[in-house]
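S.K.: Let me begin by handing over the structure; questions about it come next.
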Amino acid sequence: MKIRTTVLCFPVRDLEKALTFYKYVFGLPYILIEDGMITVELPQLSLFLIEKSAFEAYSEKAGREAAFPGEKAPFIVSCALTAKEEVDKALEDAPKFGGTLEANASIDESYGGYVGYISDPDGHLWELVYPPQQPGQ
């Protein structure tokens, strides 16, 4: 099997809130709402943020309905960033734009990366990581 691309589809309750969060926390000024969906193109990944009723119409084929994270998120999307300051800025900005700071950044003792957690307005959990750097990087 050769995978050409990977897409994650998230249901959202309010497309405008999701748009504001992803535009400003992730620094994606060019994204917009089209046909009941926001498409976020990340390196090696596409993220489709789909309004709840449209998501349910889409996921009905698989026998699923839209589900949102409750007290515990069902998955974590992990993103490697290029600087510790980018992790810190996203953690600071998340609450300003409708998200939640889930855990302040700190060095993960198990492998040395700088890691913090935020969730978007619908509770989808993001792990933001600045990986440990090799000497000379």
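The values are calculated or read from the model by the stated rules, or taken from the named source; none is laboratory data. Here the structure is a predicted model, which is why all the values come from computation and not from measurement. Methodologically, a virtual Cβ is constructed for each residue, glycine included, from the backbone with ideal geometry; neighbour enumeration extends over all protein chains shown.
S.K.: Looking at region 70-104, which of its residues are in contact with a helix residue (DSSP H, G or I) (Cβ under 8 Å, 6 or more places away or on another chain), over 20 Å from L8 (Cβ atoms) and without any contact (Cβ under 8 Å) to a residue 24 or more places away in the chain?
M.R.: Hits for region 70-104 are L101, N104.
S.K.: Among the helices (runs of 4 or more DSSP H) contained in region 14-113, which hold 3 or more residues that are within 21 Å of V129 (Cα to Cα)? Spell out the reasoning first.
M.R.: Numbers: elements: 15-25, 52-59, 84-93.
Helices (runs of 4 or more DSSP H) meeting the threshold: 15-25, 84-93.
S.K.: Let me ask something else about it. With the requirement that a residue be among the small types (G, A, S) and in contact (Cβ under 8 Å) with a residue 40 or more places away in the chain, what does region 35-66 give you?
M.R.: Of all residues in region 35-66, those among the small types (G, A, S) come to 36, 46, 53-54, 57, 59, 62-63, 66.
If the condition is that a residue be among the small types (G, A, S) and in contact (Cβ under 8 Å) with a residue 40 or more places away in the chain, then S46, S59, A66 are the ones that fit.
S.K.: May I pose another question? Here are the criteria: (1) surrounded by 15 or more Cβ atoms within 10 Å (Cβ to Cβ); (2) at pLDDT 80 or above; (3) not β-branched (V, I, T). Tell me which single one Q44 does not satisfy.
M.R.: Among (1) surrounded by 15 or more Cβ atoms within 10 Å (Cβ to Cβ); (2) at pLDDT 80 or above; (3) not β-branched (V, I, T), the lone unmet condition for Q44 is (1).
S.K.: So for region 59-73 (the condition being modelled with pLDDT under 95, hydroxyl-bearing (S, T, Y) and touching a Phe, Trp or Tyr at 6+ places or on another chain (Cβ under 9 Å)), does at least one residue qualify? Give the steps one after another, and end with the answer.
M.R.: Taking region 59-73 as the starting set, the residues that turn out to be modelled with pLDDT under 95 are 59-73.
Imposing the further condition that a residue be hydroxyl-bearing (S, T, Y) reduces the set to 59.
Keeping just the survivors that are touching a Phe, Trp or Tyr at 6+ places or on another chain (Cβ under 9 Å) gives none.
No - not one qualifying residue is present in region 59-73.
S.K.: Within the bounds of region 16-37, is there any residue that is at pLDDT below 95, buried (at least 17 other Cβ atoms within 10 Å of the Cβ) and under 17 Å from E127 (Cα atoms)?
M.R.: yes
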